[in-house]
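Working notes for the structure below.
The values are calculated or read from the model by the stated rules, or taken from the named source; none is laboratory data. All figures in this text were calculated on a predicted structure; none of them were measured in a lab. In this analysis, Cβ positions are derived from the backbone assuming ideal geometry, glycine residues included, and neighbour counts consider all displayed protein chains. Heavy atoms of the whole protein, side chains included, go into the accessibility calculation; ligands, DNA and RNA do not. Shrake-Rupley method; radii C 1.70, N 1.55, O 1.52, S 1.80 Å.
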Amino acid sequence: MKIAFVGKGGSGKTTLSSLFVRHLAATAQPVVAVDADINQHLGPALGLDEAEAAALPALGEHLPLIKDYLRGSNPRIASAETMIKTTPPGTGSRLLRVRENNPVYDICARSVELDGGAARLMVTGPFTDADLGVSCYHSKTGAVELCLNHLVDGRDEFVVVDMTAGSDSFASGMFTRFDITFLVAEPTRKGVSVYRQYKEYARDFGVVLKVVGNKVQGQDDLDFLRAEVGDDLLVTVGHSDWVRAMEKGRPPRFELLEDVNRRALRMLEIAADATYELRDWERYTQQMVHFHLKNARSWGNERTGADLAAQVDPGFVLDESITAPV
């Protein structure tokens with residue numbers, strides 16, 4: 001299951017996504033955690049110290065390797081240089097699976113031990129002011145999208161992505177790559193404005209969107225969120241002494257997380273599981289192609305000097321029936 005955590009800066013989405021990763025790992029479920037946020041905080045939230053987090057390999061720095069591996073023997077892709085972030089897989093492409101070992105994971109992922117469980121952690125890499133608005137910035141988030149486009153995941157397998165705030169995922173179509181999106185919103189006007197933005201963009205793409213109310217302190221906060229987001233409100237969380245200790249770098253054992261917050265995480269898992277029956281791999285592949293053609297026309301053809309529409313394999317559908325690397 002592919003799961004995104006989104007929200008405005010400071011909403012608590014990184015904290016919630018790290019707690020969800022810990023929850024999954026604690027029950028021995030295979031999970032790949034991806035930090036795709038501009039502010040790279042998921043590693044520390046999962047218990048890494050500053051030096052360990054800084055040493056994590058950056059997806060954006062290994063984009064040529066990722067492209068070359070995923071291209072495989074696909075005859076429609078002339079070279080790794082002609083692949084862009086929206087390039088879809090086709091016959092001959094190599095696909096990624098949650099449980100396997102492969103060169104992309106070997107180079108770009110690190111195992112993080114979490115109270116007896118473990119998760120693979122991948123990061124886009126740190127962003128600088130010079131990155132924003134230019135191709136190297138998009139290559140960092142684009143590496144995540146390219147991996148998601150080539151990912152085959154099944155029930156009880158989890159990929160959890162801490163997304164960047166803002167609208168970049170809408171331009172590329174990355175927001176359609178998930179089974180469910182958890183939008184973390186504070187009970188404020190700014191908090192729910194991000195929800196409205198996502199709701200509007202996602203309206204025509206079958207995106208499952210649920211709101212997690214964070215920093216909810218009482219009935220008035222709860223009533224506000226219910227009035228603003230309606231049935232999309234899934235669960236709310238409030239103050240946590242466990243999280244406060246974690247933010248100080250001294251997290252207790254995860255089993256000591258407050259019962260109310262453990263129940264909230266379980267509700268997120270149940271909501272994610274419920275989307276499995278809604279999967280439509282043909283629609284998923286069609287959306288991938290839609291955004292690829294859009295990006296090809298707007299900038300990709302000019303940048304690569306190739307007709308990127310020719311990369312689309314009209315007979316290929318990404319789904320779980322592909323049981324071995326191709």
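As a summary of the residue check, Glu255 satisfies the conditions (1) crowded, with 17+ Cβ neighbours inside 10 Å; (2) touching a residue at least 60 places away in the same chain (Cβ under 8 Å) except for the one numbered (1).
Out of the residues in the range 269-316 that are among the small types (Gly, Ala, Ser) and part of a loop (DSSP other than H, G, I, E, B), which is farthest from Gly92 (Cα to Cα)?
Filtering the range 269-316 for residues among the small types (Gly, Ala, Ser) gives 271-272, 274, 296, 298, 300, 305-306, 309-310, 315.
Narrowing further to those that are part of a loop (DSSP other than H, G, I, E, B): 305-306, 315.
Values: Gly305: 23, Ala306: 20, Gly315: 12 Å.
Result: Gly305.
I'd like to know if the range 207-230 contains one or more residues that are out of contact with any Leu (no Cβ under 8 Å at 6 or more places or on another chain), within 27 Å of Gly90 (Cβ to Cβ) and assigned to a helix (DSSP H, G or I). Walk me through how you get there before you give the answer.
Of the residues in the range 207-230, the ones out of contact with any Leu (no Cβ under 8 Å at 6 or more places or on another chain) are 207, 215, 217-224, 227-230.
Of the ones still in play, those that are also within 27 Å of Gly90 (Cβ to Cβ) are 207.
Now drop any that are not assigned to a helix (DSSP H, G or I), which leaves none.
No: zero hits.
Suppose we keep only residues that are surrounded by 11 or more Cβ atoms within 10 Å (Cβ to Cβ) and of a type in the set (Gly, Ala, Ser) within the range 106-134. Which one would you say is modelled with the lowest pLDDT? Within the range 106-134, the match that is modelled with the lowest pLDDT is Gly116. Looking across the range 185-205, just one residue is in contact (Cβ under 8 Å) with a residue 40 or more places away in the chain and open to solvent by 100 Å² or more (accessible area, probe 1.4 Å), and that is Lys190. The set of residues from the range 59-77 being touching a residue at least 60 places away in the same chain (Cβ under 8 Å) and touching a helix residue (DSSP H, G or I) at 6+ places or on another chain (Cβ under 9 Å) comprises Leu59, Gly60, Glu61, His62, Leu63, Ile66, Lys67, Leu70, Asn74, Arg76, Ile77.
Going through the range 35-62 one residue at a time, which ones are outside any helix (DSSP H, G or I) and open to solvent by less than 10 Å² (accessible area, probe 1.4 Å)?
Once the filter is applied, which keeps residues that are outside any helix (DSSP H, G or I) and open to solvent by less than 10 Å² (accessible area, probe 1.4 Å), the range 35-62 yields Asp35, Ala36, Leu46, Ala58.
Ser11 fulfils the conditions (1) part of a loop (DSSP other than H, G, I, E, B); (2) open to solvent by less than 20 Å² (accessible area, probe 1.4 Å); (3) at pLDDT 95 or above except for a single criterion, (3).
Conditions tested, residue by residue: (1) touching a helix residue (DSSP H, G or I) at 6+ places or on another chain (Cβ under 7 Å); (2) open to solvent by 10 Å² or more (accessible area, probe 1.4 Å); (3) at pLDDT 90 or above; (4) closer than 30 Å to Glu255 by Cα.
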position: Thr86; (1), (2), (3), (4): yes, no, yes, no
position: His138; (1), (2), (3), (4): no, yes, no, no
position: Thr141; (1), (2), (3), (4): yes, yes, no, no
position: Thr164; (1), (2), (3), (4): yes, yes, no, yes
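Condition first: in contact with a Leu (Cβ under 9 Å, 6 or more places away or on another chain) and open to solvent by 40 Å² or more (accessible area, probe 1.4 Å). Now tell me which residues in the range 171-184 satisfy that.
Pass one, the range 171-184, residues in contact with a Leu (Cβ under 9 Å, 6 or more places away or on another chain): 174, 177-184.
Scanning the range 171-184 gives no hits.
Restricting attention to the range 287-304, the residues that are in contact (Cβ under 8 Å) with a residue 24 or more places away in the chain and either within 13 Å of Gly142 (Cβ to Cβ) or open to solvent by less than 50 Å² (accessible area, probe 1.4 Å) (or both) add up to 10. Is it fair to say Arg250 is part of a helix (DSSP H, G or I) and within 30 Å of Asp49 (Cβ to Cβ)? Considered against the rule, which asks whether it is part of a helix (DSSP H, G or I) and within 30 Å of Asp49 (Cβ to Cβ), Arg250 comes out as no. Just so you know, in the range 81-100 the residues that are part of a loop (DSSP other than H, G, I, E, B) and hydrophobic (A, V, I, L, M, F, W, C) include one that is farthest from Glu302 (Cα to Cα), and it is Val98.
Of the set (1) exposed (fewer than 14 other Cβ atoms within 10 Å of the Cβ); (2) out of contact with any Asp or Glu (no Cβ under 8 Å at 6 or more places or on another chain), all apply to Leu278 but (2).
Residue pairs whose Cβ atoms lie under 9 Å apart, separated by 6 or more positions or on different chains, with the first residue in the range 90-110 and without any contact (Cβ under 8 Å) to a residue 40 or more places away in the chain and the second among the hydrophobic types (A, V, I, L, M, F, W, C) and surrounded by fewer than 18 Cβ atoms within 10 Å (Cβ to Cβ), are Pro103/Leu65.
Could you say which residue among Ala25, Ala4, Ala78 is outside any helix (DSSP H, G or I), among the hydrophobic types (A, V, I, L, M, F, W, C) and surrounded by 23 or more Cβ atoms within 10 Å (Cβ to Cβ)? Let's see the steps before the verdict.
Working: Ala25 fails: outside any helix (DSSP H, G or I); Ala78 fails: surrounded by 23 or more Cβ atoms within 10 Å (Cβ to Cβ).
Being outside any helix (DSSP H, G or I), among the hydrophobic types (A, V, I, L, M, F, W, C) and surrounded by 23 or more Cβ atoms within 10 Å (Cβ to Cβ) holds for just one of Ala25, Ala4, Ala78, which is Ala4.
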